[in-house]
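Before any comments, here is the structure.
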Amino acid sequence: MNGFILMLPLFFIRFVLLGWLNPTALKRGAHFAPMAGAQKIMYVLYQMTNVVLILFPLFLRVHGSAPLLVLGGVTYVLGVGILLAATISFAKPNKQGLNTTGSYRFSRNPMYVGYFVYFLCCAILLGSFFYYGALVLFQIATHWVILAEGRWCSATFGETYDEYQQQVRRYL
């Protein structure tokens with residue numbers, strides 16, 4: 001099976017489902033916080049690794065031993081589930097536009113957690129060391145993007161976000 005098939009649920013959840021649940025949320029999901037200094041470099045790295053993680057599977061096939069396929073399959077279902085829950089929650093912000101309910105009660109960045117788990121399963125199922133490397137770079141760059149988003153949220157939502165930030169972890 002061509003590895004790109006693994007990307008189809010990602011596209012459906014991120015674009016079709018989110019747009020159907022809340023077209024405004026689709027636009028919000030495409031917004032990135034202002035970056036400064038080294039964050040700009042990390043933002044470029046984030047976008048480049050996204051392209052690699054999404055398009056490189058076009059050139060790979062799903063393969064591996066039975067235990068790896070089971071591990072990859074379980075991780076895949078987990079990643080899809082996390083992304084699905086985070087996307088549904090993201091589509092329902094409070095009146096200020098801040099998400100604090102649903103999966104956002106457990107993580108301030110559940111979509112990014114979902115992306116990591118999702119791409120990790122792809123690395124397992126595709127068996128590509130290059131893909132694993134791209135995932136590591138993606139996660140490093142993502143952390144910088146998340147730091148910028150945290151500052152933007154604090155400036156935008158003020159004390160409400162600051163209290164939320166103290167109560168809920170960045171990742172898990």
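No lab work stands behind these numbers, since they all come straight from the coordinates. Just so it is clear, the model here is predicted, and its values are computed rather than measured. Methodologically, a virtual Cβ is constructed for each residue, glycine included, from the backbone with ideal geometry; neighbour enumeration extends over all protein chains shown.
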Which residues' amide hydrogens lie under 5 Å from the amide hydrogen of ARG61, considering only partners 5 or more residues apart or on another chain, with H built in the peptide plane? GLY3
For region 1-90, convex hull of alpha carbons as volume per residue, Å³: 111
The chain, helix-only ellipticity at 222 nm - DSSP H runs n ≥ 4, -39,500 (n - 2.57), divided by all residues, nearest 500: -21000 deg cm²/dmol
Can you tell me which of 128-135, 59-66 comes out highest on packing, and rank the rest after it, using the mean Cβ neighbours within 10 Å? 128-135, 59-66
Applied in sequence order to region 146-160, the curve 6.51 cos²θ - 1.76 cosθ + 1.60 (Karplus, θ = phi - 60°) yields integer Hz couplings, x standing for Gly and Pro, of 5, 4, 5, 4, x, 5, 5, 4, 5, 5, 7, 9, x, 4, 4
Measure nothing but the geometry: give the 0 to 90° angle between the long axis through the Cα atoms of 66-90 and the longest principal axis through the Cα atoms of the chain, rounded to 10°. 20
If you look at just the Cα atoms of region 37-167, how large are its Rg and its Dmax in Å? 16.5, 51
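Give the peptides 92-98, 7-13 in descending order of average Cβ contacts within 10 Å, highest first.
7-13, 92-98
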